[in-house]
Amino acid sequence: MQQTDTSSATVAPARPPAPPTGLSPSRAGDFLTCPLLYRLRVIDRLPEPPSAAATRGTLVHAVLERLFDSPAAERTPERALGLLRPQWERLLGERPELGALFPEDPDGAALTRWLADAEKLVAQWFRLEDPSRLHPVERELYVETALRSGLLLRGYIDRVDVAPTGEVRLVDYKTGRAPSRDFEGKAMFQMKFYALVVWRWKGVIPKRLQLVYLGGGGDVVSYDPDEADLLAVERKLQALWERITLAVATGDFPATRNRLCDWCDHRASCPEFGGTPPPYPLPLARTSDEDDPTGDPMSEES
């Protein structure tokens, strides 16, 4: 395979700062984990170098999506594994910065090992599900809806299955290990988010939410939501958006140490690690004292 010149393509191009316009599951998770991380990703839009693990996940998702282009009888492990290199070439063409994952790999050994790890994840999927018996109505479905409050919710659902009797199942692939019971609810929050969007968008509560974990020994975690579940998620998201709106207006996005800090790309901008965030790029809300130069609430004529 021809090597890519990565000297000027180590990260995606920077984008201009912008205020948030809605919530996705990943960005909601960012704010709950660390408000500063949310700010740096959503508002400052600081570029991040490509991650081998995240890119492998993107590749595996692409392979599983494309496999359903084939007739049911041809959805075999061999066909899926044969899609890995073509899908990698496609990703590399769309995002040249991914070439930085293998900057010094003259014989292609590092890429081969990386693809071998992706092969294991694809093979694991066939032990968990039988694609010849699945007939998804949607793959990589972009969903978006606005709540009555005006809050915009959006995201991508990996797979939507509909039974002959009409029940809807939302499926998401995870290339990591299944979480412990203590963190299972946090992982399922993403799926409840999607279920809420589908409910408010289509008026249908999905019958089942399913997480398919391809890492480790593999696992399938399912949950059957009801209206009370989704109303609770809606309240939580509305409260979260109010917190985000206040932070945007004040510029107050505190850093929060957590177990993901070791993998964070923005430690140089984090006070918890001796860094300094860039200047806040959005205008701050004016206080009543700023509106009145005297600061005297009785100074205006009645």
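Just so it is clear, none of the values below were taken in a lab; they were calculated from the coordinates. Remember, predicted model here, so these are calculated numbers, not experimental data. Positions of Cβ are backbone-derived with ideal geometry, glycine not excepted, and every protein chain shown enters the neighbour counts.
Of note:
- Comparing Val204, Met188, Leu153 along the charge dipole axis of the range 138-246, the residue lying farthest to the positive side is Leu153, per the Cβ-charge model.
- Here the range 138-246 is assigned +1 on the Cβ of each Lys and Arg and -1 on the Cβ of each Asp and Glu. Its dipole about the Cα centre then comes out at about 220 debye.
- Evaluated with a Cβ-only charge set (Lys, Arg +1; Asp, Glu -1), the chain carries a dipole of roughly 980 debye about its Cα centre, given to the nearest 20.
- Ratio of the Cα radius of gyration of the chain to 2.2 N^0.38 Å, where N counts its residues: 1.17
- The chain: angle of helix 52-67 to the longest principal axis, Cα-based, in degrees nearest 10: 60
- Here is the list for the range 72-134: GluC sites (Glu not before Pro) lying in DSSP coil, each with at most 13 other C-beta atoms within 10 angstrom of its C-beta, are Glu104.
- Karplus 3J(HN,Hα) series, Hz, for the range 234-244 with 6.51 cos²θ - 1.76 cosθ + 1.60 (x for Gly, Pro): 4, 5, 5, 5, 5, 5, 5, 5, 5, 5, 5
- In the chain, taking the dipole from charged Cβ atoms about the Cα centre, the farthest positive-side position among Thr58, Leu134, Tyr38 is held by Leu134.
- Net lengthening on full extension, Trp201/Leu111 (0.36 nm per residue, minus Cα-Cα): 28.2 nm
- Which of Leu282, Trp241, Pro16, positive extreme of dipole for the chain (C-beta unit charges): Trp241
- Length available on full extension from Thr165 to Thr145: 0.36 nm per residue minus the Cα-Cα distance, which gives 4.7 nm.
- Environment charge at Phe68 (Cβ cut-off 13 Å; Lys +1, Arg +1, Asp -1, Glu -1): -3
- Computed from backbone phi with θ = phi - 60° and the Karplus coefficients 6.51, -1.76 and 1.60, the 3J(HN,Hα) list for the range 257-265 is 5, 7, 6, 9, 4, 4, 10, 6, 7 Hz; x is used for glycine and proline.
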